[in-house]
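The next block holds one structure in the form of structure tokens; read it before the comments.
The values are calculated or read from the model by the stated rules, or taken from the named source; none is laboratory data. Small disclaimer: the values here were computed from a predicted structure and weren't measured. When we count neighbours, we look across all protein chains shown, and the Cβ atoms used for this are built from the backbone with ideal geometry, even at glycine. Each accessible area value is taken on the protein alone, full model and side chains, heavy atoms only, with ligands, DNA and RNA left out. Shrake-Rupley method; radii C 1.70, N 1.55, O 1.52, S 1.80 Å.
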Amino acid sequence: FDRLSVPAAPLPPAWTWPLPFASMLRGLLRARAPLVRGHAASLCAALRSGRALSTQDVPRWDEDVAPAPSVPEGAAMGRASPLPERKLCSMGTGEVVHILSYQAKDPSVVADFERIVQRIAYDLHEMEAGISDVRVCHPACGEATFVVTVVSKYESQRFNAHIAPRVSAALGQVCAGGAASFAKSGTLMPQAHSLNSLLDYLQRNLVGRSHRAHDVAGIRNEIAKWFPRREEYEQYVHWDEYNPENYTRNLVHSCEDFEVLLMCWPAGARSLIHCHDESSCWVQAVEGEVYEVQYHLPKMDKKMDKAFRDAMAGNPTGAVGRCGPLKVSNVVPLGLPESPLDTYANNEIGIHRIENRSDRPAVTLHVYAPRLRKMKIFHEAGDHSVASVAAVAYMSEGGEKTGLWKKDTHPDGVIDVKAWNEVLDESQAAAL
């Protein structure tokens, strides 16, 4: 009991629960966490005292609970409380650089200064534990700068406590002021893309008519180098004013070889299960957290195979057919504190859906190569599933709303609703 602690942070999402129930349960336990701690303390005090427990030691769950903070108007459309700020250097290796500069105090001690600097440099180069790099800059006789890189903040503390004082002590009698003329340390900054430099890189390097032609790992590595600055991508953040629970697709860049989208996910939003035709799909978490749920690509009936081939040459809607059951192959959290920020999919890996299981909005960047114009979407129907062809729609292009996203627009694309429902009705009737 002494160690009992109820975390105030959200519980790990249980993706198998119905989403409204999971959100309600997480909110309930977060609101009750302070009360549980208080009750545990009361019970511990009673047990230590040796007195008999009474009903007063176990207060009602609905007593003494501070009212939950009100949700700001429009939070469901992306204006919830600020997200934790992502730091640029958090994208790097975590190494810390130490810079120490010294100057001889006068010409008479330059020779001694140089001798001591030479020995310090030798010893620093010999150090291995916790050290990733050592450089010594020697601009002129009587001047020296030591640049030492350590692998972590812990090793940085050790360097400050043990090595830096010894360097200063060794040079103290011969250096100006008896100490370093310049001393700084800081996290090693990684090479990071702006949104424009990332788009420039993709235009030079992302070509091909199929995912098989792509350097998947290389492109993924470059996308991971993008450091999202809100002022860079804010113009592409748009929400569905007609249906605030729907996610939106916002076109950032499009060319023959690829397209880049920013997708905005209200709390609880999720896409339909879909494939990517011949395209590669890279996904990067920008704000908040989402889950990628991957499925094995099911076997489709002949009708669906033929309909999809026909659809590629003409009208993308109206191709509806049946396929085998959908089986989950993997679940990948993106944007959580200890999870990756990115993922990749193509039809050989499987099909997927994106879900926002949290109680706050999320934003993701998607790169499709080549451009994703038509895709199959899937509906779970017990021991089998239903597939349809859809053409994708955009809420905005280049930061401006298209005006084509209407009250009845589905974020997963233009679907032949009549044909879709007819097959669904047949499936549901067969299940009865």
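Over all other residues within a Cβ to Cβ distance under 10 Å of Glu256, the charged ones net out to 0, with Lys and Arg as +1 and Asp and Glu as -1. Annotation: amide H-H contacts under 5 Å for Ala393 (H modelled 1.01 Å from N, sequence separation of 5 or more, or interchain): Gly413, Val414. Modelled spin-label separation between Gln173 and Asn205, with each label point placed 7 Å from Cα along the Cα-to-Cβ direction: 5.4 nm. Extension gain for Val216 to Val134 (0.36 nm times residue separation, less C-alpha to C-alpha distance): 26.1 nm. Among the listed pairs Lys376/Lys401; Lys87/Lys153; Lys87/Lys401; Lys87/Lys225; Lys374/Lys401; Lys225/Lys401, those with a Cα-Cα distance over 19 Å are Lys376/Lys401; Lys87/Lys401; Lys374/Lys401; Lys225/Lys401.
Note on Glu231 and Asp408: the model spin-label points, each 7 Å out from Cα along the C-beta direction, lie 4.4 nm apart. Net charge of the neighbourhood of Leu202, taken over other residues with C-beta under 9 Å away and scored Lys/Arg +1, Asp/Glu -1, is -2. Length gained on full extension, Gln118 to Leu88, computed as 0.36 nm times the residue gap minus the Cα-Cα distance: 7.2 nm.
Overall, the anisotropy analysis places the range 323-373 in the oblate class: the square-rooted eigenvalues a ≥ b ≥ c of its C-alpha gyration tensor yield a/c not less than 1.5, with a/b not exceeding b/c.
Assuming a ≥ b ≥ c are the square roots of the Cα gyration tensor eigenvalues, decide whether the range 176-247 counts as rounded (a/c under 1.5), prolate (otherwise, with a/b larger than b/c) or oblate. Since a/c reaches 1.5 but b/c is at least a/b, the shape of the range 176-247 is classed as oblate. Using a probe of 1.4 Å on the protein chains alone, the accessible area found for Asp257 is around 40 Å².
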